[in-house]
Structure formats: C-alpha cells, structure tokens
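One structure is given here, and the rest of the page talks about it.
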Amino acid sequence: MLHTTAVASYYLFPWLLTTSELNTPTPNLQETQQVVELATTVTILLLVATVVALISRRFRLPYVTGLVLAGLAITEFLPRRVGLDSALLLNLLLPILLFQAAINTDIRRLRSTIKPIGLLAGPGVIIASGITAVVLKLLLGLGWISALLLGTILAITDTVSVIAVFKEVTVPSRLSTIVEGESLFNDGVALVLFSLLAQVHLAGSITVLGGAQQFVLVIAGGSLLGLAIGALCTELFVKQADDPFSGILLTVAVAFGSYQAGQALQVSGVVAVVVAGLVVGNRGLNNNVSASSKITLLNFWEYADFCVNTFVFLLIGLEVNPQILWRTAPAILLAIVAYQVGRVLSVYPMLAIANRFDMPIPMRWQHVLFLGNIKGSLSMVLALSLPATLPERGDLVAIVYGAVLVSLVGQGLSLPWLVKRLNIMVVSESRQQIEELQSKLIAAKAAQAELATLHNSGVLPKAVYEEMRATYQVQVAGAETQLRDLYNRRPTAQTAFGGRTAKLNAIRRRLLLVEKGALNDAVRKQIISAEVVSDRLRAIDQQLVNFEED
C-alpha cells in the first residue's frame, strides 16, 4: 500500500516526496500499467454513471437500480477487476453517507415522528432480525449464529434507494420523514447487533443480560460521543463563521472523527456520526454560519453523497457473479421470503403500538413502509465482514449479494408503481383543474416563444406573426384569469397548489437562483466587481436559506 502511494506521488506530485521516498526505486513498467488501468477504470465508471443518469431521467427509472444493472453489464469490459472492500466502505464511505443524511435532517420534523421511528428502528429491527433468523433456520437449516447474522444483515433498509423512489412518486412529507428517520437509525442498531453476534461467535457464548447491557451501553455511548463532538464543532463554527472552506474541512473531520472515535472507545461509531450530524445540521449551521457558507457546505456534502452512492451501487453490480447467483438462486429466494416475513411481523405491530400514542399512520402508509425495505450497500458490506471462521460464510455472502440484487432491481422498479396504485397522494378536483390550466398556459407560452423565433429569423411576416400570436394570447389571458381566481380562494388554494406558500417559495427560489447566477457570471466576466455585488449575493443566499427552512 505504501509503495502504491509512492508510485502515485511519483507521477502526480513529485515535489511532495520525502527523502525516504526519494530512495524508493523508480516505478517499473508493471506498476505504471496498474496505475494507468486504474485511471482508465475510474474514467469508464464515470462515463457509465453519466449515461445511466441521463437514461434514468429520460425514462423516469430509479438511478441506483440503473447503476446496479450497468455494473452487471460492464464487468467484462473493464481493464481490471474492481470490487467492494468492507474496510474502505465502513471507515471511509459509510460516514459520508450517514453524515450527509443527518445534517440535512430537520430535528423538528424528526421530533414530530420520533415514536414510530423509534419503534421501527429499535424494537422493530430486533424483531425483524429474530423472525428472519428463525425462518432461515427452518428453511435453510443454518446454524443459529449464521441465521442470526444473516437475519440482522437482511433487516437493514437502504435510505438512498427508497428516497430515489420518492423522487419519482410524490409522497406526504411525514411519510418521507418516517422512512428517512427509520433508515438513519436502523443502520446503527443493526450494526451494533451484528457486532454483538460476531462477538458471540468468536467468544463462544454470552448471557442475555450481558448482551442487552452491552447493546444499550454501545448505543448510549455513541449518542453521548456524537453529542459531545457535535457541540464542539458548533463552538468551532463560531470562530470561522464566514469561511465556508474551513467549515467543509471541519465537518469532514467531524464525520470521520466521530466514527473512528466510536470504534476506538468501543461504542457505536454509526450512532456517533448520526448524532453529531444532527447537532451540526440543526445547531451549528443554523446559528453560527452565514447563509453563503451554509449553502456552500450543504452543496459539498450533497455532491460527496452523490459520488459515493454512484460508485457504491456501480460496484455492487460489478461485485455480483451471475453464475454463483444462479447456483444459489433457491436459497436466495427463500432468504427474500424470510426477510419479508420478518418485515411484515415487525412493521405492522410496531405501527399499531405507535398509533395508540401518536398521530395515526394510515394503513396505506404502513404498506409503503413494508414494501420499502429495499436492501443496499451496507448489507453487502456486512456480508463481507462476516467472521472468516464462520462455517457457512461463503454461502451467506452469496445469499446476501443475491438478495440485494433482487431487492434493488425488483423492488426498486416496482415500488413506484405500487406507491401510485396505493394512491398515497390523492389529487383533489381543484388541483386537477389548476394543473390543466397550467398545462394550457405552458403550451401557449411555448408556442408564442416559437412564433417570436420564427418572426425574428424572417420566416414569418409581421402580419401573420401578430395574427397567430393573438390567437395564443387569448388562451394565455383566459388561463391566467382562471388561475388568478383559483389562487385568490385561500382555503382552496392551500390544498390545490400543494400549499400556497410552498408553491410561491419554489418559484421565488428559482428566480433567486437565476439572479445569483447572473451576478456571478457578471463578476466572472469582470463586468462588475465582486465588492459591489457581495452584499446582494449575501442577501440572496439568506433568502435561499429561509426558503429551505420553510
């Protein structure tokens, strides 16, 4: 590993080599070829991801599902074999995904749904893991430790995959918050369970009371550690409140530092990252950071999250071996049945309990929470982390890989259709009327713009242009009049417009982004100086932040 680093440094940053590294022999032809192959592989993966993004947007398919299928298709065309590495994913990539999700989670929304989230991510995960293990024991004849480890791995839900579906199909914000919150804390609980079971396998035994105490201590310790690191980060934000790049470095250090500190102190690093992210996102960024710095920092984490997910899901497709999947297909299908049974017997009872103490969750929402248990990268990482001394380790890894692939492709493609069939978002008559008028207005405006282009280019004479434009103007005026009347009916407009304030804020936010882009472009072209527009840019950023919070 050290020599590989020296090879890369020799070609990229020769002036950074230390005296000891200068004594390293010049990279030979084989090492040079490996570096070239790696660069070529990364380039190919980036191009494939770009094509998948375009196709997914064109045909409205889940992006992550497309990435997995693309990974399966290009395996034989890469110059070198690449795959998932459990240590890399757990220590480097997982903290990025968790921290990004946490800093973007509004603690006020989370607090309003904490009861169903707590039941699903706590007792729900334990129940689902146990039931899945029992079914696997009966159907596949696994040993108890192997069955429990596999049940825990298959109890994890993948936030990215489910939220990708929600981007295709609109769902109520409360349902989206429950799904995101459950997935966020589900990972931490499942990882603690997995670690305890792995210890049982290696140590030989553990008492139920001892296991329960260790479970609580690990999660509580991770929470306290996350609170402490988050609070420290918040204080440091005060000292560099208007320096977005220092803020980025600080949050990166918090994300990785929380996880590593948790591992070193033998508490949950995942819980520490999540809690630290919640503290930073809801206290540090809101109270001590300027609007411009906040937007820059959140954009960085959004980009980092997108890149990590892109490579992880591509690597999932590259890692899966179709021949091994075919041989283990019956076991994979039985495992899918097992975790679905576990999910059914955990989701509906837990939500029935939550409905007694909280705002009732409709049965249709409960169906979505059951159907949305898509598996993802963390399940595969834990499969690779199974103890080497486990007797059925090879079979368990193949089963997990197959279950994740079927889940991402099968559930990923079918969930949008199922959510639509459930009619989660009922469109009112007023909403339908408004959208019909908006479609008329959009079409007529587009036709007028095309007429103006034809007239300006000399294709249409002025008389014909004015006559045809007047025809469309009648449609525009009629649609605008009816829309204004509907908009002024406040009770109806609140529902029909999907929330009057929200609708207007979305339009105002778009206009502010256009203003900001025009000013930045003018500064870049040196038409105006940065000093002149700095106050205006800060004001725009503050308005954008206010719209995000609303």
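In the set PRO330, PRO391, only one residue is of a type outside the set (A, V, I, L, M, F, W, C) and in a helix (DSSP H, G or I); that residue is PRO330.
One line per residue, one yes/no per condition, for (1) open to solvent by 50 Å² or more (accessible area, probe 1.4 Å); (2) acidic (Asp, Glu); (3) in contact (Cβ under 8 Å) with a residue 12 or more places away in the chain; (4) in a helix (DSSP H, G or I):
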| residue | (1), (2), (3), (4) |
| --- | --- |
| PHE370 | no, no, yes, yes |
| LEU378 | no, no, yes, yes |
| LEU382 | no, no, yes, yes |
| PRO387 | no, no, yes, no |
| ASP395 | yes, yes, yes, yes |
| SER407 | no, no, yes, yes |
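The set of residues in region 338-358 that are over 25 Å from LEU136 (Cβ atoms) and free of Cβ contacts under 8 Å to residues at least 40 places away in the same chain comprises ALA352, ASN355, ARG356.
The single condition among (1) at pLDDT below 90; (2) buried (at least 16 other Cβ atoms within 10 Å of the Cβ) that GLY210 does not satisfy is (2).
Is it true that some residue in region 136-143 is in contact with a Gly (Cβ under 9 Å, 6 or more places away or on another chain), of a type outside the set (Lys, Arg) and over 30 Å from PHE99 (Cα atoms)? Working first, answer last.
Keep residues of region 136-143 that are in contact with a Gly (Cβ under 9 Å, 6 or more places away or on another chain), which gives 136-137.
Add one more test, that the residue is of a type outside the set (Lys, Arg), and what stays is 136.
With the extra rule that they be over 30 Å from PHE99 (Cα atoms), the set shrinks to 136.
The answer is yes, given that some residue of region 136-143 is in contact with a Gly (Cβ under 9 Å, 6 or more places away or on another chain), of a type outside the set (Lys, Arg) and over 30 Å from PHE99 (Cα atoms).
Could you please let me know if ALA354 is out of contact with any strand residue (DSSP E or B) (no Cβ under 6 Å at 6 or more places or on another chain), over 19 Å from THR132 (Cβ atoms), among the aliphatic types (A, V, I, L, M) and exposed (fewer than 14 other Cβ atoms within 10 Å of the Cβ)? It would help to see each step written out before you state the result.
On the way: out of contact with any strand residue (DSSP E or B) (no Cβ under 6 Å at 6 or more places or on another chain): yes; over 19 Å from THR132 (Cβ atoms): yes; among the aliphatic types (A, V, I, L, M): yes; exposed (fewer than 14 other Cβ atoms within 10 Å of the Cβ): no.
In short, no.
Of these, TYR487, TYR472, TYR401, which one is modelled with pLDDT of 80 or more, open to solvent by less than 80 Å² (accessible area, probe 1.4 Å), among the hydroxyl-bearing types (Ser, Thr, Tyr) and in contact with a helix residue (DSSP H, G or I) (Cβ under 6 Å, 6 or more places away or on another chain)? Even if it seems obvious, please write down each step before you answer.
Working: TYR487 fails: modelled with pLDDT of 80 or more; TYR401 fails: in contact with a helix residue (DSSP H, G or I) (Cβ under 6 Å, 6 or more places away or on another chain).
The match here is TYR472.
Could you please let me know if ALA39 is in contact (Cβ under 8 Å) with a residue 12 or more places away in the chain and either in a helix (DSSP H, G or I) or exposed (fewer than 11 other Cβ atoms within 10 Å of the Cβ) (or both)? Full working, then the answer.
Working: in contact (Cβ under 8 Å) with a residue 12 or more places away in the chain: no; either in a helix (DSSP H, G or I) or exposed (fewer than 11 other Cβ atoms within 10 Å of the Cβ) (or both): yes.
Criteria not met by ALA39.
Checking ILE507, ILE527, ILE540 one by one, the residue that is at pLDDT 70 or above and outside any helix (DSSP H, G or I) is ILE527 and no other.
Counting only residues that are open to solvent by less than 10 Å² (accessible area, probe 1.4 Å) and within 18 Å of ALA272 (Cα to Cα), give me the helices (runs of 4 or more DSSP H) lying completely in region 60-160 with at least 3 of them.
Details: elements: 63-74, 94-103, 107-112, 114-121, 123-140, 144-154.
Of the helices (runs of 4 or more DSSP H) lying wholly inside region 60-160, those with at least 3 residues that are open to solvent by less than 10 Å² (accessible area, probe 1.4 Å) and within 18 Å of ALA272 (Cα to Cα) span 94-103.
For LEU191, state whether it is in contact (Cβ under 8 Å) with a residue 40 or more places away in the chain and farther than 17 Å from TYR348 by Cα. Full working, then the answer.
Numbers: in contact (Cβ under 8 Å) with a residue 40 or more places away in the chain: yes; farther than 17 Å from TYR348 by Cα: yes.
For LEU191, the condition - in contact (Cβ under 8 Å) with a residue 40 or more places away in the chain and farther than 17 Å from TYR348 by Cα - is met.
Comparison of GLY281, GLY317 shows that the only residue that is small (Gly, Ala, Ser), part of a helix (DSSP H, G or I) and either open to solvent by 50 Å² or more (accessible area, probe 1.4 Å) or closer than 21 Å to PHE185 by Cα (or both) is GLY281.
Yes/no per residue for (1) under 43 Å from the mean Cα position of the chain (by Cα); (2) in a helix (DSSP H, G or I); (3) of a type in the set (Lys, Arg):
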| site | (1), (2), (3) |
| --- | --- |
| LEU415 | yes, yes, no |
| VAL419 | yes, yes, no |
| GLN438 | yes, yes, no |
| HIS455 | no, yes, no |
| LEU460 | no, no, no |
| TYR472 | no, yes, no |
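Across region 226-236, the qualifying residues are those that are open to solvent by 30 Å² or more (accessible area, probe 1.4 Å) and of a type in the set (A, V, I, L, M, F, W, C), and the one among them that is farthest from SER258 (Cα to Cα) is LEU236.
ASP358 passes every criterion in (1) over 21 Å from the mean Cα position of the chain (by Cα); (2) more than 18 Å from ALA331 (Cα to Cα); (3) at pLDDT 85 or above apart from (3).
The values are calculated or read from the model by the stated rules, or taken from the named source; none is laboratory data. Here the structure is a predicted model, which means the values were calculated and not measured. Here Cβ is always computed from backbone atoms with ideal geometry, including for glycine, and neighbour counts include all displayed protein chains. Note: accessible area is taken over every heavy atom of the protein model, side chains too, but ligands, DNA and RNA are not part of it. Shrake-Rupley method; radii C 1.70, N 1.55, O 1.52, S 1.80 Å.
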